Amino acid sequence: MRYAIRLARSEDEASDLLQECYAKLLGLSGFAAITNPQGYAMRVIHNLAMERFRKAQVVEFAPLRAASEIECMDDTPDSFRILAGKHQLERVEEAIESLPERCRVALVRRRYEEQSPREIASDLGISVSTFEKRLARAVALVARALTPATPPVDATGKSLSGIEKIAF
């Protein structure tokens, strides 16, 4: 009983532990085979106390509500995101329109019309290598047009972009 009280920290719980231990021991079919009954009983009391301790640590959750009662998040973008998206699309269109004719044709035919580089180069009468250079230049010019004019800076005035100067 003293061992159960040390584990349970109250006499009532210790008494409950002892009763559970007796019930387990009486339920054993091979009780006579136990060589150290006192040690076995102490181990059973210890295991029962630890089991109660673990159960006391478990947080009980409220039952789940019916699926019809749960408010689902709306995946549609809010008005700010829609407006920002439209503004970004306008900026991309302006950037593409401001490209040199050769670069614009290369970009539009490859990225929007999804034609193969070989087909485009053949139609324009240029090599595939030249086409790829025009496409790369078009992408770089569009990226530059969409990049803010001044890179973000930290409190000391140092550039946060990590790129000091880009030459095209």
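The values are calculated or read from the model by the stated rules, or taken from the named source; none is laboratory data. If you're wondering where the values come from, they're calculated on a predicted model, not measured in any experiment. Note that each Cβ is placed from the backbone with ideal geometry, even for glycine, and that neighbours are counted across all protein chains shown.
Things worth noting here:
- Checked against the criteria, residue 93 counts as at pLDDT 90 or above, loosely packed, with under 12 Cβ neighbours inside 10 Å and either out of contact with any strand residue (DSSP E or B) (no Cβ under 8 Å at 6 or more places or on another chain) or not in a loop (DSSP other than H, G, I, E, B) (or both).
Residue-wise test of (1) at pLDDT 85 or above; (2) exposed (fewer than 12 other Cβ atoms within 10 Å of the Cβ).
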| position | (1), (2) |
| --- | --- |
| 26 | no, yes |
| 32 | no, yes |
| 40 | yes, no |
| 55 | no, yes |
| 61 | no, yes |
| 73 | no, yes |
| 84 | yes, no |
| 97 | yes, yes |
| 101 | yes, yes |
